[in-house]
Amino acid sequence: MQKILVRTSLLLVCVMVYSHVSYAAMLATRGEEADNGTFQTESSGVSSSNQGMCEQGERGLPGRDGLPGRDGRDGLIGPKGDAGPTGSIGPRGLTGEKGEPAASTKVAFSVTRTTYFGNFKEYRKIPFDSAFANIGNHFNLASGTFTAPVSGFYYIVINIHKRADAPNAPFVFLKHNGKLVLSVDECCGDDPYDTASNSVVLKLNQGDDLWLELVEGRMFSVTVNKESTFSGFLLYEM
């Protein structure tokens, strides 16, 4: 810092001497009265004695960096680029959790009759005399009753057939422990032969009973051709 102050002072002296000499020269040119010899001598002496003082000094130290400028405004959004190449197939995912096991107990039935049944004055439970399947033997043909061996959800389907030679059309109820679940009615049509059906998924507890009940005055029309069926199976246990 001290060196900088000294150099600054010398520079000021040089400027003052140069200004004084220039002013004296101007007075001499205009012929004004002045002690030119003495003045010139003194000026020359000052100029001569300070000549070395006005020489260019050493290069100063670089100044400090200025403060950063403000951020410029965002430019315009450029056009959308081309789609990149398709990436490679990723690694195989983790193995999922183990699912619930399927029903361990196998239950299924599908039964029919080979003779007419009906035209009664009261509601009657329909017995059956032929089985397409009775896995586990949980369907009693004589009583027409299925008894659930395990608690779970069961799929039940009923198909009934109307024949032209039958005195009345069929109309049956599906009963669950004596309560009505649904009905199937094939009535009042112009076709001499016709079929109706219905199905349902039921939650049954172990020991629950299912059967078909024929409405009074109606006929469960079947022959050796086994046109009407009552079927069901276990979907999964609870």
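Laboratory data are not the source of any read-out in this text; all were calculated from the coordinates shown. All figures in this text were calculated on a predicted structure; none of them were measured in a lab. Ideal geometry is used to build each Cβ from the backbone, glycine not excepted, and the neighbour counts take in all protein chains shown.
Points worth noting:
- Fully extending the segment from Glu55 to Phe120 would add 9.3 nm, taking 0.36 nm per residue of separation and subtracting the current Cα-Cα distance.
- Sparse-neighbour loop sites [GluC sites (Glu not before Pro); the range 187-238; at most 16 other C-beta within 10 Å; DSSP]: Glu216
- Placing +1 on each Lys and Arg Cβ and -1 on each Asp and Glu Cβ, with no other charges, gives the range 116-213 a dipole about its Cα centre of roughly 360 debye.
- Legend: residue pairs Lys106/Lys203; Lys203/Lys226; Lys162/Lys203, Cα-Cα distance threshold 19 Å; pairs beyond threshold, Lys203/Lys226; Lys162/Lys203.
- Remark: the range 58-200 carries a charge dipole of roughly 440 debye about the Cα centre, counting +1 on each Lys and Arg Cβ and -1 on each Asp and Glu Cβ.
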